[in-house]
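Inspection log for the structure reproduced underneath, given as structure tokens.
The values are calculated or read from the model by the stated rules, or taken from the named source; none is laboratory data. Since we're looking at a predicted model, the values are computed, not measured. A quick note on method: Cβ atoms are made from the backbone with ideal geometry, for glycine too, and the neighbour counts reach across all protein chains shown. Accessible surface areas use protein heavy atoms only, side chains included; no ligands, DNA or RNA. Shrake-Rupley method; radii C 1.70, N 1.55, O 1.52, S 1.80 Å.
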Amino acid sequence: MKKFLFRNELTSGDKLSTADLQNLLNGFLLFDEADYVRANPDVRQAVQRGEFPSGFAHFQERGNMERRFPGFNGFKWDDYIKANADLAHFRNDPNPEACAKTHFKESGYTEGRRLEP
């Protein structure tokens with residue numbers, strides 16, 4: 001996938017797939033500053049050096065298009081499992097919430113998985 005930044009780098013011929021667009025939107029909906037800098041130590045360091053005023057500024061400019069994990073703000077693990085039938089077996093685990101969150105963070109977000117049924 002071509003990486004796009006938000007600063008007028010899309011040209012008239014460039015198109016994002018529906019899944020890519022949904023993933024970009026999900027990133028902004030789920031963004032949590034603490035989760036983002038914890039998951040991205042290079043961003044924390046860039047903010048400390050003054051290269052970005054915040055993790056969110058980095059996410060807006062680069063992180064979302066790089067599909068960096070945005071955080072769990074408003075993440076509903078039960079809806080995530082319902083929306084992705086192949087994850088139904090997580091309900092058999094003693095901690096289905098942890099399973100859903102781990103899956104989402106490690107692969108579901110970058111895959112553009114649905115968040116709601």
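Each row is one residue, and each column tells you yes or no for (1) in contact with a Leu (Cβ under 8 Å, 6 or more places away or on another chain); (2) among the aromatic types (F, W, Y); (3) within 23 Å of L24 (Cα to Cα); (4) open to solvent by 70 Å² or more (accessible area, probe 1.4 Å).
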position	(1), (2), (3), (4)
G50	no, no, no, no
P53	no, no, yes, yes
Q60	no, no, yes, yes
N73	yes, no, yes, yes
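The sole residue among F69, F52, F56, F75 that is assigned to a helix (DSSP H, G or I) and either in contact (Cβ under 8 Å) with a residue 12 or more places away in the chain or in contact with a His (Cβ under 6 Å, 6 or more places away or on another chain) (or both) is F56.
Could you tell me whether N73 is touching an Asp or Glu at 6+ places or on another chain (Cβ under 6 Å) and closer than 21 Å to L21 by Cα? For N73, the condition - touching an Asp or Glu at 6+ places or on another chain (Cβ under 6 Å) and closer than 21 Å to L21 by Cα - is met.
All conditions but one from (1) open to solvent by 80 Å² or more (accessible area, probe 1.4 Å); (2) touching an Asp or Glu at 6+ places or on another chain (Cβ under 6 Å) apply to A85; the one that does not is (2). Residue selection: G74 fails the criterion of being on the phi > 0 side of the Ramachandran plot, at pLDDT 90 or above and more than 15 Å from the chain's Cα centre (by Cα). Of all residues in region 38-49, those satisfying the criterion of being at pLDDT 95 or above and in a helix (DSSP H, G or I) are P41, D42, V43, R44, Q45, A46, V47, Q48. Would you pick out the residues in region 92-117 that are acidic (D, E) and either at pLDDT 90 or above or buried (at least 16 other Cβ atoms within 10 Å of the Cβ) (or both)? D93, E97, E106, E116 - these are the residues of region 92-117 that are acidic (D, E) and either at pLDDT 90 or above or buried (at least 16 other Cβ atoms within 10 Å of the Cβ) (or both). The condition of being at pLDDT below 80 and either closer than 21 Å to E111 by Cα or over 13 Å from the mean Cα position of the chain (by Cα) (or both) holds for L16.
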